[in-house]
Amino acid sequence: MSMIQVNNLKKSFGDLEVLKDINAEVKEQEVVCVIGPSGSGKSTFLRCLNRLEEITGGHVIINGHDITDKNVKINQVRQEVGMVFQQFNLFPHKTVLENITLSPIKVKSQSKTAAKEKALGLLEKVGLSEKANSYPGELSGGQKQRVAIARALAMDPKIMLFDEPTSALDPEMVGDVLEVMKQLAQEGMTMVVVTHEMGFAREVGDRVIFMDGGFIVEENVPHELFGNPQHERTKAFLSKVL
Amino acid sequence: MDTIIEALPYLLEGLKTTLYVFIIALIIGFIIGLVMALFRLAPLKILNWIATFFIDAIRGTPFIVQLFFIYFGLNSLEWVSMDSITAGIVTVAINAGAYLAEIIRAGIMSIDKGQSEAARSLGLSGGQNMRYIVLPQAFRRMLPAFTNQSIISLKDTSLLSIIGIADLTQRGEVQMAATFEPFKIWFAVGIIYFIVIYILSILANYMERRFELR
Ligand SMILES: Nc1ncnc2c1ncn2[C@@H]1O[C@H](COP(=O)(O)OP(=O)(O)OP(=O)(O)O)[C@@H](O)[C@H]1O
Ligand SMILES: [Mg+2]
């Protein structure tokens with residue numbers, strides 16, 4: 001079953017057309033990695049998947065809901081789509097626990113005890129049980145990102161979007177975060193991951209999408225895309241990053 | 001010294017009125033400021049215009065003129081009747097509201113866009129995002145500017161003596177007329193204002209430090 005269906009997606013910022021004609025599909029439990037040069041539209045594409053960017057044209061269907069439809073209850077669809085940002089975007093005025101429980105309590109009307117119990121379980125999963133009562137300012141980058149993942153997971157999303165989740169991290173922190181993501185993938189989470197970590201894409205990805213200039217230039221299973229790229233632009237990009 | 005000690009209970013009675021007007025006006029002013037700040041940031045053009053007009057009108061006119069307009073001007077209309085205390089509270093509230101609107105707007109705009117994006121991605125509505133994520137952070141950042149405006153508004157209340165509100169300043173005038181000791185009386189009045197404002201600053205400092213810890 002397809003969890004994400006993107007048909008002829010277009011996105012412009014004013015006169016600048018950033019996504020030109022994107023067609024893509026992500027199946028349930030699939031892990032799709034998106035790679036490509038800076039400015040190629042990877043983040044914009046990802047942000048169209050939960051409508052953080054207003055969509056200019058085409059259709060984006062998330063788990064059966066067409067989010068380009070004006071009448072769609074976007075806040076409900078967003079509950080099914082977790083997002084993890086490069087800059088973490090934790091809420092600095094709230095403790096780690098409050099960061100994680102806020103949305104389940106306010107949006108899903110869960111009881112405080114239920115939300116807290118769930119949050120503590122998630123913190124254990126990401127290896128940060130002892131940080132429940134810390135503030136984000138007291139955490140390292142890698143710890144922040146793992147809290148951000150736990151926060152997104154607390155809503156029981158069906159899909160997780162990651163936008164370069166390890167790009168702002170010190171090298172020694174990257175491994176912990178990738179490990180959590182890998183575990184998530186193994187548990188069957190549907191994931192779209194914009195990343196510069198080619199090792200992760202190769203190892204964890206079911207499929208890799210290469211974007212350039214607002215188009216999907218090429219997509220394939222990792223060992224094919226990395227081992228036997230078909231397009232010149234893919235070859236040129238890979239020769240620079242591998 | 002005797003003159004001051006004898007006048008003190010009477011002056012402190014006036015201080016009560018000053019604080020009463022100040023506190024109510026500040027609370028109303030804060031609500032006005034918040035609403036006007038949200039209007040200015042709203043996607044609806046009419047709301048932007050209303051807020052901009054209000055803020056410009058208040059900032060572009062003297063406090064005394066606003067006071068006279070509300071107390072004498074509006075009261076001269078058939079269907080309006082306000083006592084001096086009400087008119088005083090309304091004037092201080094509206095005046096503070098216009099300045100607070102700009103302070104609150106700047107506070108909201110200073111919060112990183114990523115905060116709202118994270119909140120919205122979790123399914124929070126625009127209103128919930130404002131309430132739980134943006135405003136609490138913005139208010140912390142605004143605290144120094146808010147304290148500043150509070151002090152200005154407190155001092156503005158002394159102008160309300162002109163329309164006959166028996167505040168600290170007005171009672172100072174009465175005492176002066178009764179004792180013929182202007183130096184001592186105005187010195188005492190000044191000290192009382194100073195102490196109140198000093199306490200206000202200490203309170204604000206304390207709050208700032210408490211929030212600083214995060
Ligand atoms: N809010 C915006 N307003 C105007 N232009 C934008 C906006 N966001 C992105 N762009 C432009 O859209 C293009 C694609 O940006 P995007 O962030 O999607 O690229 P990216 O592939 O994620 O790049 P990177 O690898 O550097 O993150 C860029 O040219 C960028 O300048
Ligand atoms: Mg990007």
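The table that follows gives values for the structure above.
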{"item": "In region A:149-206, the residues that are β-branched (Val, Ile, Thr) and within 14 Å of chain B (Cβ to nearest Cβ)", "result": "A:149, A:159, A:192"}
{"item": "Hey, residue B:204 surrounded by 14 or more Cβ atoms within 10 Å (Cβ to Cβ), touching a residue at least 12 places away in the same chain (Cβ under 8 Å) and not in a helix (DSSP H, G or I) or not", "result": "no"}
{"item": "Any hit, region A:30-49, residues being within 13 Å of chain B (Cβ to nearest Cβ) and away from ligand 1 (no atom under 11 Å from the Cβ)", "result": "yes"}
{"item": "Residue selected from region A:107-144 under the condition within 14 Å of another protein chain (Cβ to nearest Cβ) and part of a loop (DSSP other than H, G, I, E, B), by the criterion surrounded by the fewest Cβ atoms within 10 Å (Cβ to Cβ)", "result": "A:109"}
{"item": "All positions within region B:39-56 that are touching a residue at least 12 places away in the same chain (Cβ under 8 Å) and under 18 Å from residue B:149 (Cβ atoms)", "result": "B:40, B:51, B:54, B:55"}
{"item": "Which listed residue is touching a Cys at 6+ places or on another chain (Cβ under 8 Å) and away from ligand 2 (no atom under 16 Å from the Cβ), from A:188, A:205, A:199, A:175", "result": "A:205"}
{"item": "Any hit, region A:14-27, residues being more than 15 Å from ligand 2 (Cβ to nearest atom), within 23 Å of residue B:120 (Cα to Cα) and either within 14 Å of chain B (Cβ to nearest Cβ) or under 17 Å from the mean Cα position of the chain (by Cα) (or both)", "result": "yes"}
{"item": "Filter result for residue A:16 (of a type in the set (A, V, I, L, M, F, W, C), within 14 Å of ligand 1 (Cβ to nearest atom) and surrounded by 15 or more Cβ atoms within 10 Å (Cβ to Cβ))", "result": "no"}
{"item": "Contacts under 6 angstrom Cβ, first residue in region B:138-153 being within 13 Å of another protein chain (Cβ to nearest Cβ) and in contact (Cβ under 8 Å) with a residue 12 or more places away in the chain, partner part of a helix (DSSP H, G or I) and hydrophobic (A, V, I, L, M, F, W, C), 6 or more apart", "result": "B:138/B:108; B:140/B:211"}
{"item": "Top-ranked residue in region A:192-207 [being part of a loop (DSSP other than H, G, I, E, B) and within 13 Å of ligand 1 (Cβ to nearest atom); ranked as surrounded by the fewest Cβ atoms within 10 Å (Cβ to Cβ)]", "result": "A:196"}
{"item": "Matching residues in region A:67-98 - criterion: being of a type in the set (A, V, I, L, M), assigned to a loop (DSSP other than H, G, I, E, B) and facing another protein chain (nearest Cβ under 9 Å)", "result": "A:90"}
{"item": "Sole exception among (1) surrounded by fewer than 18 Cβ atoms within 10 Å (Cβ to Cβ); (2) outside any loop (DSSP other than H, G, I, E, B); (3) in contact with a Gly (Cβ under 8 Å, 6 or more places away or on another chain) for residue A:237, by number", "result": "(1)"}
{"item": "Number of positions in region A:31-63 that are part of a strand (DSSP E or B), in contact with a Lys or Arg (Cβ under 9 Å, 6 or more places away or on another chain) and surrounded by fewer than 18 Cβ atoms within 10 Å (Cβ to Cβ)", "result": "2"}
{"item": "Condition met for residue B:160 (within 14 Å of chain A (Cβ to nearest Cβ) and either in contact (Cβ under 8 Å) with a residue 40 or more places away in the chain or basic (Lys, Arg) (or both))", "result": "no"}
{"item": "Selection from region B:75-97 of residues that are without any contact (Cβ under 8 Å) to a residue 12 or more places away in the chain and either under 17 Å from residue B:155 (Cβ atoms) or not hydroxyl-bearing (Ser, Thr, Tyr) (or both)", "result": "B:77, B:78, B:79, B:80, B:83"}
{"item": "Residues of region A:149-164 satisfying the condition of being assigned to a loop (DSSP other than H, G, I, E, B) and either within 16 Å of ligand 2 (Cβ to nearest atom) or modelled with pLDDT under 95 (or both)", "result": "A:164"}
{"item": "Residue within region A:81-103 that is more than 15 Å from ligand 2 (Cβ to nearest atom), buried (at least 20 other Cβ atoms within 10 Å of the Cβ), more than 15 Å from the chain's Cα centre (by Cα) and of a type in the set (Ser, Thr, Tyr) present", "result": "yes"}
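The values are calculated or read from the model by the stated rules, or taken from the named source; none is laboratory data. Predicted, not measured: the structure shown is a model, and the values here were computed from it. No Cβ is skipped: glycine too gets one built from the backbone with ideal geometry, and neighbour counts run over all protein chains shown.
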